[in-house]
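Written out below as structure tokens is the structure these notes cover.
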Amino acid sequence: MFDLIVKNATLPDGRRGLDIACAGGEIAALEAGITAQAGEVIDAGGLLVSPPFVDVHFHMDATLSLGRPRMNVSGTLLEGIALWGELKPLQTVEEIIERALRYCDLAVSMGIGAIRSHVDVCDDELKGVQALLEVKRQVADYLELQLVAFPQDGVLRDPAALENLTRALDMGVDVVGGIPHFERTMQAGADSVRILCEIAAERGLMVDMHCDETDDPLSRHIETLAHETQRLGLQGRVAGSHLTSMHSMDNYYVSKLIPLIAEAGLHAIPNPLINIMLQGRHDSYPKRRGLTRVRELRDGGINVAFGSDCVMDPWYSLGRACMLDVAHMGLHVGQLSSREDMRWCFDAVTVNPARAMGLEGYGLEVGCAADMVLLQARDPIEAIRLRPVRLAVIRAGRVIASCAPQIGALALPGRPGRVDPAAYAPRERSDA
């Protein structure tokens, strides 16, 4: 007797016609033709069942704050930072909690099972830290929330940031963050990387730094991050987020840099929606895209994971908690157009970010957590193309969100609303 069986599923790796049996919060069996009884049975009908989407880079303390206290008129990164500085003293812990919980509900309904959120510690009251630790507690049963102590104004540039960051870690924040390119000098940026990595090493924590989020090709703090990772034995525990300056670097330097990143076991976290929106703002034409060198990093053996970064906040006025939107943008901007590339883009919002976050029990194999999403698509490429509805979101073997099929979205045999291809067959042409 199982708690739940999902029958006739297609998996992202191409396996088809499998039944997924869940018991005790885990996947207990994965094979064709399971005949045992279950408390609930879902017929996937050959559609795609995926492990949950994972958003490895987000700012939950700012989400859904669009328009408060004003809009970002220029649309630039720097005005967004300035606007966030105006909002921080105005918002309350309760307000941050309310917005974050609303976002978590949205994210779960869109199939997201884990989020790594940076939380600003350049606030002596640590309102964002208080709020998101409470949110983490409240959503623990249905969403994995990992928090990064993020010194938005620079851990050395802001006189209280280092102390506040330490306090945040003492309160239970999971990951050490940083923003070296926002320090006052290149040397100060390098010093900040060293200091923050040493803190992580001492505490046994992971590191995720906003690194070189600029169009300046001389912003090379990722090189320092790779060095400190190796010096301190942090391999596999460190991520460099954004890395947009690499888009503007010369090829010779990048040919040296990518092997250093790979050797250090760093994870690379581009954020396609936001990078394409914020970078290249000082260019006329030709205008840089700003997204880092996704293909080259991947081909260099580096784990590359896409993040969404923002939804309706001072930096980005759009977004809907859809990691398939993120994959779709990453595919286009990175010109990842082969069938293999497009399937990889699905991995960039599922298995790759799960690896970067160190998620245990993630995946669709016996013994993994019974967490999965049934999508109204037949394979990963179709999922990115259509960005379809999430028919069922399953957590620990229990359906926690569901949506009715979108009629006419797929030309599937036997499904209501199927379009008759014959109606659109080419007509015989007459030259008369």
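Can you count the Lys pairs in the chain with C-alpha separation below 28 Å, eight or more apart or on different chains?
Values: Lys88/Lys127; Lys88/Lys136; Lys127/Lys136; Lys256/Lys287.
Value for the chain: 4.
For the chain, give the magnitude of the charge dipole about the Cα centre (Cβ charges: +1 Lys/Arg, -1 Asp/Glu; no others), in debye to the nearest 20. Intermediate results must be reported in sequence, preceding the final value.
Numbers: 42 positive and 57 negative charges, 241 e Å.
The calculated dipole for the chain is roughly 1160 debye.
Once fully extended, how much extra length lies between Val73 and Met171, figured as 0.36 nm per residue of separation less the alpha-carbon to alpha-carbon distance?
Working: separation 98, 0.36 × 98 = 35.28 nm, distance 3.59 nm.
The span from Val73 to Met171 would gain 31.7 nm if fully extended.
Could you work out which residue, out of Leu90, Leu162, Leu359, moves most in a Gaussian network model of the chain, that is, has the largest mean-square fluctuation with Cα springs under 10 Å?
Its mean-square fluctuation being the largest, the pick is Leu90.
All other residues with a Cβ under 14 Å from the Cβ of Leu331 taken together, and with Lys, Arg as +1 and Asp, Glu as -1, what is their net charge? Walk me through the numbers on the way to the answer.
Details: positive: Arg289, Arg295, Arg298, Arg339, Arg343, Arg385, Arg387; negative: Asp325, Glu340, Asp341, Asp347, Glu382.
Neighbour charge sum, excluding Leu331 itself: +2.
When the chain is fully extended, how far beyond the present Cα-Cα distance does Ala160 get from Gln406, taking 0.36 nm per residue of separation?
On the way: separation 246, 0.36 × 246 = 88.56 nm, distance 5.14 nm.
Taking Ala160 through Gln406 to full extension adds about 83.4 nm, to one decimal.
Using only the alpha-carbon atoms, how far is helix 127-139 inclined from the longest principal axis of the chain? Give it as 0 to 90 degrees, nearest 10.
The two axes meet at around 20 degrees.
Considering the chain as a Gaussian network with a 10 Å cut-off on Cα pairs, which listed residue, Gly178, Gly361, Gly307, attains the greatest mean-square fluctuation?
Per the Cα network of the chain with a 10 Å cutoff, Gly361 tops the list.
Send over the per residue convex hull volume for segment 256-409, Cα only, as a whole number of Å³. Don't skip to the answer; put the middle values down first.
Working: hull volume 24.7 nm³, N = 154.
Each residue corresponds to 160 Å³ of Cα convex hull volume.
Where does the charge balance sit around Arg157 when Lys and Arg score +1, Asp and Glu -1, over other residues with C-beta under 9 Å from its C-beta?
Working: positive: Arg184; negative: Asp153, Asp158, Glu183.
Here the charged neighbours net out to -2.
Residues of segment 1-20 with the amide nitrogen closer than 18 Å to a label point 7 Å from the Cα of Glu40, along Cα-to-Cβ, please.
Only 1-9, 19-20 pass the distance filter.
Once both labels are modelled 7 Å past Cα along the beta-carbon direction, what's the Asp124-Asp216 spacing in nm?
In this crude spin-label approximation the distance works out to 2.9 nm.
For the chain, what does the helix formula give at 222 nm: sum of -39500 (n - 2.57) over DSSP H segments with n ≥ 4, over the residue count, nearest 500 deg cm²/dmol?
That calculation yields -10000 deg cm²/dmol at 222 nm.
For the charge dipole of segment 150-280, defined by +1 on Lys and Arg C-beta atoms and -1 on Asp and Glu C-beta atoms about the Cα centroid, which residue among Phe150, Leu243, His267 has the Cα displaced farthest towards the positive pole?
Projecting each Cα onto the dipole axis, the largest value belongs to His267.
In the chain, once you exclude exposed GluC sites (Glu not before Pro) (DSSP loop, at most 16 other Cβ within 10 angstrom), what's the longest stretch remaining?
Details: sites that count: Glu125, Glu360, Glu365, Glu428.
In the chain, the maximal stretch lacking such sites is 126-359.
Springs between alpha-carbon atoms under 10 Å, Gaussian network over the chain: tell me which of Lys287, Lys88, Lys127 tops the mean-square fluctuations.
Lys287
Out of segment 172-280, which trypsin sites (Lys or Arg not before Pro) are coil in DSSP terms and have no more than 10 other C-beta atoms within 10 Å? The partial results should precede the final answer.
Values: sites: Arg184, Arg194, Arg203, Arg220, Arg231, Arg237, Lys256; in loops: Arg184, Arg220, Arg237.
Answer in residue order: Arg184.
Report the extension gain between Arg288 and Arg231 in nm, rounded to one decimal, defined as 0.36 nm multiplied by the number of residues separating them, less their alpha carbon distance. Could the numbers behind the result be given before it?
Values: separation 57, 0.36 × 57 = 20.52 nm, distance 3.40 nm.
Using 0.36 nm per residue and subtracting the Cα-Cα distance, I get 17.1 nm.
May I ask for log10 I(q)/I(0) of segment 101-224 at q = 0.11, 0.16, 0.22 Å⁻¹, from a Debye sum over the Cα atoms as equal point scatterers with solvent left out?
-0.39, -0.77, -1.18
Report the trypsin sites (Lys or Arg not before Pro) located in segment 24-105 that are in a DSSP loop and have at most 12 other Cβ atoms inside 10 Å of their Cβ, or state none.
Loop-located and lightly packed - Arg70.
Values quoted throughout were computed directly from the atomic coordinates according to the rules given, and no laboratory measurement underlies them. Worth saying up front: this structure is predicted, and the values here are computed from it rather than measured. Cβ atoms come from the backbone with ideal geometry, glycine included; neighbour counts cover every protein chain shown.
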